[in-house]
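Trainee: Take this structure first; my questions come after.
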Protein chains: 2
Amino acid sequence: MKKTIILALFLFNGFALFAQTKEEQTIKEIYKSSLTNSKCYTWLDDLSNKIGSRLSGSAGAEKAVIYTKAEMEKLGFDRVFLQEVMVPKWVRGEKETAYILDKKNRISVPICALGGSIATAKSGLTAEVVEVKSFEELTALGKDKIKDKIVFYNRPMENEQIESFHAYSGAVDQRYAGAQKAAELGAVGTIVRSMNLRLDDFPHTGAQSYGDLPKSQYIPTAAISTNGAELLSKSLKNNPKLTFYFKQSCQQFDDVLSYNVVGELKGSENPDNIMVVGGHLDSWDLADGSHDDGAGVVQSMEVVNIFKNIGYKPKNTIRVVLFMNEENGLRGGNKYEELAQANNENHIFALESDSGGFSPRGFSLECNEANFQKISSFSKLFEPYLIHSFVEGHSGSDIGPLTSKNIVKAGLKPDSQRYFDYHHAANDKFDAVDKRELELGAATMASLMYLIDQNGILK
Amino acid sequence: MKKTIILALFLFNGFALFAQTKEEQTIKEIYKSSLTNSKCYTWLDDLSNKIGSRLSGSAGAEKAVIYTKAEMEKLGFDRVFLQEVMVPKWVRGEKETAYILDKKNRISVPICALGGSIATAKSGLTAEVVEVKSFEELTALGKDKIKDKIVFYNRPMENEQIESFHAYSGAVDQRYAGAQKAAELGAVGTIVRSMNLRLDDFPHTGAQSYGDLPKSQYIPTAAISTNGAELLSKSLKNNPKLTFYFKQSCQQFDDVLSYNVVGELKGSENPDNIMVVGGHLDSWDLADGSHDDGAGVVQSMEVVNIFKNIGYKPKNTIRVVLFMNEENGLRGGNKYEELAQANNENHIFALESDSGGFSPRGFSLECNEANFQKISSFSKLFEPYLIHSFVEGHSGSDIGPLTSKNIVKAGLKPDSQRYFDYHHAANDKFDAVDKRELELGAATMASLMYLIDQNGILK
């Protein structure tokens, strides 16, 4: 008995050793392929510089659908198809203007309308300003102090947070729900400090929601650059009676037809088990959205390009999904899940890249404890590539709706320090993405897809 | 006896637990101080934008000595002093020009003289070109094929290397010794592909040496941008008889007096044990040298600013050392060690930051195995700050000469992917450094300095 156990252990270890060596070898090929023979940077160049911004419902978004479908068709998928999805169409209109009107001085400050905001009157809006740092402070001031005022939300993202996404989470309520809360107390507009850790002159747009307010109570809302916010705050300390003027002409249209773009590679052994890798094809309108989320789109496509280049045939079905409308609706993510349910599909794994094209550091995993332990045990295989971080946490917005039983969801975790320098702002452009960092991210994603394809997930 | 052991273990563990909690707390304060209350980014702004490039022997280098001495004097050191050191003075002169002369076409390409190179004749130098990828290839071609030619070294840095410093190590022999090797075979000049992983239009300078060649045999040598190298190589394939013209007017002067800048904080318990933290104050002349090594200079100064801000009094003596002349001579590092020996000083630890101001990832350690194990055991304390990499390897050039018995040497290891986009080129400027990444690096350095100060090193 003892001998048998020892022999079994030997065989098991021997097998594990062999298996690991094979895995090590394949991962090495994956990284080499990505760093020497990738297409992702060229695709990003096209998406960013030939197509440009891709807000849902815009001409850019439609061009991106056509472009990525055509590029995926060259990659040797079994099929490339579109999923119809109705998306919101919001248009910024003319460039916004804003001034601090302080005694006889008129000081121009950079603002941009938040996504989904209504316009001001054509002549603009002028009112006194109440600065607050939180909804608690707003509520404590009450209707008397807020009525007919512009509410200025100025709680900065916390610099002491090590991960910039934590700093974002701690401040973004002001952008998302600030207009609704202020309107409920009679404010005529809101100005929100941009979600940006550094001091600069870029206003950062982003989604906001009026919640269940009746349309008649909607008020215009805009983001101000961090330097602008500092100036406004300082000016208010000197002169609480100053006024603020802003003008924006944005407009919400009826929903329009758009598409998720899907490339499918049938699994050789378990074709009914689906593994998704994706990012979102839409971007905000102020720039190319090279980090958010052009990077995730081209990295997801690169995963299949790598598999093709190294001759890897997946056991499970791989789907590259380029989701439409993550930024202001999540309609693409919801539609994908709706169709998956209607077709009784079984998704075992989904991986999203939507945190920028920076140097990859690891993965954020949503799954049960057993799968978390199993996937974390792959970390040794990633150490030569400086990938160390396997944590439990949010995976990705577009794959959030997926509900297959036992599904494991993962998000690529790149270095986050620079992300909010660019996020939703006019500087999120091609030259902010480094080719090697983008390629390392794609290789890191391909490596995890490969390991899950080989090893499966636990029930 | 058993009870005693258990009690001892309990006390030991209890103490360890308390000690670790205290250490965790202090490291948290260190990072918070750096991310919310640092001076390093402002210092870097001054060094880069008010002073500019700081090649040894230049006016910029002298201004940097005066500036950093004055800033350190404001920081509450026990003493701030200069160490005299004679440094080489090499001056680039007029901007270089270069052309590919291909049949009737004259195509301009970006080059820059390598540090220490001689000038061409005033009218420039024109010759046929022999492209090689290695010294082996050069030697195999021999005198017949090389005489009177320009040797063009065109072996790229290997993209498949995960750490860009490994790719650099694998290619930099061409830059450092290429002129000497080619001159020995009768070449009249050399052109070296820039040490840059990406394709762009920046030529990258750097040190080169004629070794023991007699001065009469020196030949002019320059770096060409990677795009220029690709073009030249392609043009040579079409027309091996094309010629290359370049003109440079650089000049080597007699050595001049310069300085290391040293700030010293006396240890409260072991003043004779010295811990160095430093970077190099000189830079190349094509840009501000914000990454190389403005970042290391201001991060080293920040370590003491952090200690002051959190009220930490070191047990051992801390020296912030800003070394002069790392780039083309290492005279500052050698002088520091010479004086340390003359004064019978005992250095227990030295930490250098000279790999760019990017997101910190860990440390590269030069020490015995026992100390490596001990320092690696601190890694848990760094995980909340996304610092995972403790490896054995090169620490820093300036601290290389230090020879105290048992000394532990460490180099900060930042993310290296973008470093060679900027290294020794005209784009190594202030805006290439991210404030948070710089501050996180300073905090990571301060944390290790604190841990070594608390725990000592093993003999």
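The values are calculated or read from the model by the stated rules, or taken from the named source; none is laboratory data. Computed from a prediction, not measured in an experiment: that's the story for all the values here. No Cβ is skipped: glycine too gets one built from the backbone with ideal geometry, and neighbour counts run over all protein chains shown. Side chains are part of the model used for accessible areas, which takes the heavy atoms of the whole protein and leaves out ligands, DNA and RNA. Shrake-Rupley method; radii C 1.70, N 1.55, O 1.52, S 1.80 Å.
Trainee: Does any residue of segment A:181-191 turn out to be closer than 30 Å to B:Thr444 by Cβ, buried (at least 16 other Cβ atoms within 10 Å of the Cβ) and either within 14 Å of chain B (Cβ to nearest Cβ) or touching a helix residue (DSSP H, G or I) at 6+ places or on another chain (Cβ under 8 Å) (or both)?
Mentor: No, segment A:181-191 contains no residue that is closer than 30 Å to B:Thr444 by Cβ, buried (at least 16 other Cβ atoms within 10 Å of the Cβ) and either within 14 Å of chain B (Cβ to nearest Cβ) or touching a helix residue (DSSP H, G or I) at 6+ places or on another chain (Cβ under 8 Å) (or both).
Table: residues versus (1) of a type outside the set (D, E, K, R); (2) within 14 Å of chain B (Cβ to nearest Cβ); (3) part of a helix (DSSP H, G or I).
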| site | (1), (2), (3) |
| --- | --- |
| A:Leu47 | yes, no, yes |
| A:Arg54 | no, no, no |
| A:Leu82 | yes, no, no |
| A:Val85 | yes, no, no |
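Residue by residue, here is whether (1) more than 25 Å from the chain's Cα centre (by Cα); (2) touching a residue at least 24 places away in the same chain (Cβ under 8 Å); (3) open to solvent by 20 Å² or more (accessible area, probe 1.4 Å); (4) on the phi > 0 side of the Ramachandran plot holds:
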residue	(1), (2), (3), (4)
B:Gly52	no, yes, no, yes
B:Gly76	yes, yes, yes, yes
B:Val80	no, yes, yes, no
B:Lys89	no, yes, yes, no
B:Ala98	yes, yes, no, no
B:Lys103	yes, yes, yes, yes
B:Gly115	no, yes, no, no
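Trainee: Based on this model, can you work out whether A:Ser404 counts as closer than 15 Å to A:Gly362 by Cβ and in the same structural domain as A:Pro384 (by TED's automatic domain parsing)?
Mentor: No: the conditions fail for A:Ser404.
Trainee: Looking at this structure, is A:Lys413 outside any helix (DSSP H, G or I) and open to solvent by 10 Å² or more (accessible area, probe 1.4 Å)?
Mentor: Judged against the criteria, A:Lys413 is a match.
Condition check ((1) open to solvent by less than 40 Å² (accessible area, probe 1.4 Å); (2) free of Cβ contacts under 8 Å to residues at least 12 places away in the same chain) across all residues:
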| residue | (1), (2) |
| --- | --- |
| A:Gln83 | yes, no |
| A:Ser108 | no, yes |
| A:Ile118 | no, no |
| A:Gly124 | yes, no |
| A:Gly142 | yes, no |
| A:Phe152 | yes, no |
| A:Asn159 | no, no |
| A:Ile162 | yes, yes |
| A:Phe165 | no, no |
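Trainee: Moving to a separate point now. Within 23 Å of the chain's Cα centre (by Cα) and either within 11 Å of chain A (Cβ to nearest Cβ) or not acidic (Asp, Glu) (or both): which single residue out of B:Gln454, B:Gln373, B:Gln417 fits that description?
Mentor: B:Gln417
Trainee: Can you find even one residue in segment A:254-264 that is assigned by TED's automatic domain parsing to the domain that holds A:Asn343 and closer than 22 Å to A:Asn455 by Cβ?
Mentor: Checked against the condition, which is being assigned by TED's automatic domain parsing to the domain that holds A:Asn343 and closer than 22 Å to A:Asn455 by Cβ, segment A:254-264 yields at least one hit.
Trainee: In segment B:178-209, how many residues are in a helix (DSSP H, G or I), aliphatic (A, V, I, L, M) and farther than 30 Å from B:Gln161 by Cα?
Mentor: Counting residues in segment B:178-209 that are in a helix (DSSP H, G or I), aliphatic (A, V, I, L, M) and farther than 30 Å from B:Gln161 by Cα gives 1.
Trainee: Looking for whichever is modelled with pLDDT of 60 or more, farther than 25 Å from A:Phe430 by Cβ and more than 14 Å from every other protein chain (Cβ to nearest Cβ) here; the options are A:Lys22, A:Lys28, A:Lys3. Which one fits?
Mentor: After applying the criteria, what remains is A:Lys22.
Trainee: Please find, within segment A:210-220, the residue that is nearest to the chain's Cα centre (by Cα) out of those that are surrounded by fewer than 15 Cβ atoms within 10 Å (Cβ to Cβ) and either in a loop (DSSP other than H, G, I, E, B) or of a type outside the set (S, T, N, Q) (or both).
Mentor: A:Gly211
Trainee: Residues of segment A:192-228 being more than 15 Å from A:Val151 (Cβ to Cβ) and either within 14 Å of chain B (Cβ to nearest Cβ) or touching a Leu at 6+ places or on another chain (Cβ under 7 Å) (or both), which ones?
Mentor: Those that are more than 15 Å from A:Val151 (Cβ to Cβ) and either within 14 Å of chain B (Cβ to nearest Cβ) or touching a Leu at 6+ places or on another chain (Cβ under 7 Å) (or both): A:Asn196, A:Leu197, A:Arg198, A:Leu199, A:Asp200, A:Asp201, A:Phe202, A:Thr205, A:Gly206, A:Thr226, A:Asn227.
Trainee: Being within 14 Å of another protein chain (Cβ to nearest Cβ), in a loop (DSSP other than H, G, I, E, B) and either in contact with a Pro (Cβ under 6 Å, 6 or more places away or on another chain) or aliphatic (A, V, I, L, M) (or both) narrows it down to one of B:Ile162, B:Ile118, so name that one.
Mentor: So the residue among B:Ile162, B:Ile118 that is within 14 Å of another protein chain (Cβ to nearest Cβ), in a loop (DSSP other than H, G, I, E, B) and either in contact with a Pro (Cβ under 6 Å, 6 or more places away or on another chain) or aliphatic (A, V, I, L, M) (or both) is B:Ile162.
Trainee: May I pose another question? Would segment A:399-414 turn up any residue that is in contact with a Lys or Arg (Cβ under 9 Å, 6 or more places away or on another chain) and within 11 Å of chain B (Cβ to nearest Cβ)?
Mentor: Yes, because at least one residue in segment A:399-414 is in contact with a Lys or Arg (Cβ under 9 Å, 6 or more places away or on another chain) and within 11 Å of chain B (Cβ to nearest Cβ).
Trainee: Another question, then. Take segment A:423-449 and flag every residue that is in contact with a His (Cβ under 8 Å, 6 or more places away or on another chain), within 12 Å of chain B (Cβ to nearest Cβ) and buried (at least 24 other Cβ atoms within 10 Å of the Cβ).
Mentor: Answer for segment A:423-449, where residues must be in contact with a His (Cβ under 8 Å, 6 or more places away or on another chain), within 12 Å of chain B (Cβ to nearest Cβ) and buried (at least 24 other Cβ atoms within 10 Å of the Cβ): just A:Val433.
Trainee: From the list B:Phe382, B:Phe358, B:Phe363, B:Phe390, pick out the single residue that is closer than 15 Å to B:Phe165 by Cα, within 13 Å of another protein chain (Cβ to nearest Cβ) and not basic (Lys, Arg).
Mentor: Testing whether each residue is closer than 15 Å to B:Phe165 by Cα, within 13 Å of another protein chain (Cβ to nearest Cβ) and not basic (Lys, Arg) leaves just B:Phe358.
Trainee: A further question follows. With basic (Lys, Arg) and either on the phi > 0 side of the Ramachandran plot or in a loop (DSSP other than H, G, I, E, B) (or both) as the only criterion, which of B:Arg175, B:Arg155 stands out?
Mentor: Of B:Arg175, B:Arg155, the one residue that is basic (Lys, Arg) and either on the phi > 0 side of the Ramachandran plot or in a loop (DSSP other than H, G, I, E, B) (or both) is B:Arg155.
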